[in-house]
Every structure is written in structure tokens, then in C-alpha cells.
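The block underneath contains the structure these notes are about, expressed in C-alpha cells.
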Amino acid sequence: MKKLLFLFILSGFTAFAQTAKKDKALEELFNLMKGNYNSEKQAKADADYYNISLKMVPIWKSKGYYLYVEQALADKQDKPYRVRIYHLVKKGEEYISEIYTLKNEKDWIGKGATPEAFDKLTEPDIELKQGCEVILKKTGPKSYAGATGDKTCPSELKGAAYASSKVTITESGLVSWDQGYDSEGKQVWGAEKGGYVFDKIN
């Protein structure tokens, strides 16, 4: 009886340790992603790229790993062209960045400066972009890479039928390559030579 009880306790401790380990790994990715970025260096070196500002601010800390995201031209940060919420979860050996839109996004622009403002944002106020999640895998110490599924993310921007995103995340920054394709597989928007290189600036 004592042996069975010991094995039960040991099994429970092992399960707890594995869960803690998974949470720690997910937290590492979360901490790598959060922060302020820009592509100023790339824009100065190559005229085909714009200087883009990217901000990822932690919100809803009690609910999990959520980031409020704004992406804008560096000289027009008050008018972001992309406003999103990312939710990071782990499934097996994969890290999933779920993508959400905000139903009244104009009301939230600039609120990243005061993250507590998002406590008033409720889950019905955001909408999951089905098929647009980015699936990442750990590729080295503090390094992750991944992409969206094959033709799974619908897009209507500039005549596109679907979009794809490829992402690499490291301690110094990230590379993001977003592209849109029409129904025949022809690229209709996005960078053509390679992804945007975002350097972390804080």
C-alpha cells in the first residue's frame, strides 16, 4: 500500500514538473516577442523596404499569454495599418500564435501605452482569424521559427485569395515575411525578396 501511494505521489510530481517546464518554455517565447521593434536598418540599406514600427504589448496577464499588436509606418505610428491580438499556446512540441482582430480597433489604437486599459476589453470584442495562426517550433537557444498553414489563411487584400506568413524570432529581433496570393498562386501583395527584419529597440 505504501509503495502504491509513493508511486502515485511520484507520478503526480512528475506531471507537475512537466507542466511547469512547458509553461517556462512558452513564457520564454512570450518574453522574446514582447517589446518595440522597427525595420529602420533594413530600410536604410534597401529602398524596397519601408521603416516599419512594430509594437507587441502584454495584456490580460491573468488569462494567459496575450499580446496587443500594432504595426505602422514609423512616421505614422498614430495610424497603424494592422491592429491585432496574439494569443500564445503550446500544443505538443509546437507553439501556436493565434491571431485575433478587434471589432472596434480604432478605440484601442495607442492603448498599448497603458496596458491596463485592455482589462475592459472582453473576449466577445475580438474575433479569431481562422487558419491564420502561426505554428512555431524551437530551433535553438532562444530561437523559434514557423509559418501559417498552406493556403489556410483567407485574404481579400488587393485581390488576394489567401495570405501566408513566415516568422523567425530571436533574442535580438524577428523576421516576418507576409505575402498575399490570388486564386492562381500569383503574389499580389507583400515583400518579394524576403521578410522584413525587425530589430528590437528596447
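The values are calculated or read from the model by the stated rules, or taken from the named source; none is laboratory data. Bear in mind that the values here come from a model prediction, so they are computed numbers and not experimental data. No Cβ is skipped: glycine too gets one built from the backbone with ideal geometry, and neighbour counts run over all protein chains shown. Please note that ligands, DNA and RNA were not included when accessible areas were found on the heavy atoms of the full protein model with its side chains. Shrake-Rupley method; radii C 1.70, N 1.55, O 1.52, S 1.80 Å.
Leaving out ligands, DNA and RNA, and with a 1.4 Å probe, what % of the accessible surface on the chain is carbon or sulfur? Write down the numbers at each step before the final one.
Values: 6690 of 12350 Å².
So the carbon and sulfur contribution to the accessible surface is 54 percent.
Taking 0.36 nm per residue of sequence separation and subtracting the Cα-Cα distance, how much length would be gained by fully extending the chain between residue 63 and residue 25, in nm to one decimal? Intermediate values should be presented prior to the final figure.
Numbers: separation 38, 0.36 × 38 = 13.68 nm, distance 1.72 nm.
Extending this stretch completely gives an extra 12.0 nm.
Read through the labelled values [x] 17.4, 54; [y] 19.3, 74; [z] 25.0, 68 and report the label of the one computed as Rg and Dmax of the Cα atoms in Å from the structure.
Read-out from the structure maps to [y].
Under a crude label model (7 Å from the Cα following the beta-carbon direction), how far is residue 79 from residue 109 in nanometres?
My value for the distance between the label points is 0.8 nm.
Please give the residues of region 48-75, grouped as numeric ranges, whose backbone N is less than 14 Å from a label point set 7 Å along the Cα-to-Cβ vector of residue 120.
Inside the label zone: nothing.
Amide H to amide H, which residues 5 or more places from residue 196 or on other chains are under 5 Å from it, using H placed in the peptide plane?
176, 177, 178
What spacing in nm lies between the two simple spin-label points modelled at residue 45 and residue 171, each 7 Å away from Cα in the Cβ direction?
2.0 nm
For the full complex of protein chains and a 1.4 angstrom probe, list 89, 188 by accessible area with the highest value first.
188, 89
For residue 133, enumerate residues with amide H under 5 Å from its amide H, sequence gap 5+ or separate chain, H modeled in the peptide plane.
For residue 133, the qualifying residues are 99.
Please work out the average accessible area per residue across the chain, using the 1.4 Å probe convention, and give it in Å². List each step's numbers first, then the result.
On the way: 12350 Å² over 202 residues.
Counting only protein heavy atoms, the per-residue value for the chain is 61 Å².
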